[in-house]
Every structure is written in C-alpha cells, then in structure tokens.
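What follows is a single structure, written as structure tokens, with notes after it.
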Amino acid sequence: MITVIAGTNRSDSMTLRTANLYLKLLSEKHENVRLLSLENKNVWERGAEMLALEKEYLVPAEKFVFIMPEYNASFPGILKLMMDNSDIKKCWWYKKAALVGVSDGRAGNLRGIEHMTSILHYMKVHVLYNKVLLSRINEEIDNSGNLIKADTKAMIALQIEEFLKF
C-alpha cells in the first residue's frame with residue numbers, strides 16, 4: 001500500500017489538490033493507494049483518532065508520498081505532530097518515502113524537504129533521491145487540480161515511475 005499524505009490541515013489547500021493529483025496518477029499505475037488528509041484530524045495527541053489513522057493509513061503502508069507546503073522555511077507543525085504521536089517503529093521504520101514540496105514562492109519548499117529528509121532518515125525511512133519542488137504552485141495546478149505545464153507533468157511522471165520501482 002502507498003499512502004499519500006497531504007501535510008497540512010488547512011482547508012481547500014493547494015497541498016490537498018496536489019495530493020489528490022498524486023493519488024490519481026499513482027492509482028493509474030498501482031492498485032492500492034490511499035490519501036491521508038490532515039484536515040479536521042486530531043493528531044496532536046495519541047488518542048482514538050490518531051490510533052485509527054495509524055491502523056488505516058500508516059502501519060499498513062509500505063511507501064509514503066509526502067506533499068508538504070512551505071511553512072516558515074520548513075513544513076507544517078501538524079505533520080510533525082502526526083509523526084511524533086505515531087508508533088515510530090510500526091509506522092515508519094524501514095519503509096520508503098517520496099517528497100514533494102509545494103510553495104507559492106520560488107524554492108518549492110526546498111528547506112522543508114531537506115528538513116523532512118533528515119527527520120525521515122533518523123526514523124529509518126528510505127527517501128527517494130528524486131524530490132519534486134513545485135514553486136509558484138498557483139501557476140502549476142489549476143483550481144480543478146489539473147497540471148498546467150507539460151514540463152511539470154513530465155517531472156512528476158518521472159518521479160512516480162522511479163518511486164514505483166524504488
């Protein structure tokens with residue numbers, strides 16, 4: 001199973017649109033792909049809702065795609081809280097991840113991707129070397145969640161192809 005994680009709890013975010021795009025593209029090539037949106041999820045404590053998320057999305061996953069917006073040169077605290085409140089060994093150890101940065105600025109959340117890479121390595125997660133940085137996201141994905149630029153489509157298709165082989 002592959003779990004695509006939309007790494008923010010903001011409603012109607014470009015992060016969620018990007019995550020849905022990855023869900024669609026991955027589902028065309030792999031039979032078991034799920035989307036975990038952090039919107040309206042209580043992950044700030046290890047309670048019943050967090051345990052249910054673990055059971056449904058994290059523990060059974062072999063691979064993760066993290067779609068992460070840039071928050072203050074890193075990624076959202078809600079994503080880190082979800083990871084911190086999970087059973088690290090069961091959810092993360094020796095699994096694989098692909099990283100996608102989303103920003104309205106120029107760098108596509110490069111710093112957040114670097115930060116997450118370090119955290120995932122500490123948690124014994126193997127990270128795909130091909131990281132996609134989506135800068136000026138409003139120029140990359142339309143309001144319906146469709147990619148606008150051919151070069152971006154090719155870049156994402158390559159990352160997905162490599163991730164499925166990873």
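The values are calculated or read from the model by the stated rules, or taken from the named source; none is laboratory data. Given the structure is predicted, the values throughout are model-derived calculations rather than measurements. Heads up, the Cβs are rebuilt from the backbone with ideal geometry, glycines too, and the neighbour counts pull from every protein chain shown.
Brief remarks on what is shown
- Residue count for the range 3-30, restricted to those that are touching a helix residue (DSSP H, G or I) at 6+ places or on another chain (Cβ under 6 Å) and closer than 23 Å to GLY77 by Cα: 7
- Look at the range 68-81: where a residue is hydroxyl-bearing (Ser, Thr, Tyr) and a partner is in a helix (DSSP H, G or I), sitting 6+ places away or on another chain with Cβ atoms under 8 Å, you get TYR71/GLY77; TYR71/GLY112; SER74/ARG111; SER74/GLY112; SER74/HIS115.
- Tally, over the range 87-117, of residues that are among the polar types (S, T, N, Q) and either free of Cβ contacts under 8 Å to residues at least 40 places away in the same chain or in contact with a Cys (Cβ under 7 Å, 6 or more places away or on another chain) (or both): 2
- Elements of type helices (runs of 4 or more DSSP H) contained in the range 1-103, each with 2 or more residues being buried (at least 21 other Cβ atoms within 10 Å of the Cβ): 14-27, 77-84
- Condition check for ARG136: over 30 Å from LYS89 (Cα atoms) and either at pLDDT 95 or above or among the charged types (D, E, K, R) (or both): yes
- Taking (1) under 23 Å from GLU45 (Cβ atoms); (2) in contact (Cβ under 8 Å) with a residue 12 or more places away in the chain; (3) within 17 Å of the chain's Cα centre (by Cα) in turn, PHE166 satisfies each apart from (1).
- Selection status of ASN138, exposed (fewer than 12 other Cβ atoms within 10 Å of the Cβ), polar (S, T, N, Q) and closer than 24 Å to LEU25 by Cα: yes
- Any pair with Cβ under 6 angstrom, 6 or more apart, that starts in the range 129-152 at a residue that is under 30 Å from SER118 (Cβ atoms) and ends at one that is of a type outside the set (Asp, Glu) and modelled with pLDDT under 90: SER135/ARG106
- Applying the set (1) buried (at least 20 other Cβ atoms within 10 Å of the Cβ); (2) assigned to a helix (DSSP H, G or I) to HIS115 leaves exactly one unmet item: (1).
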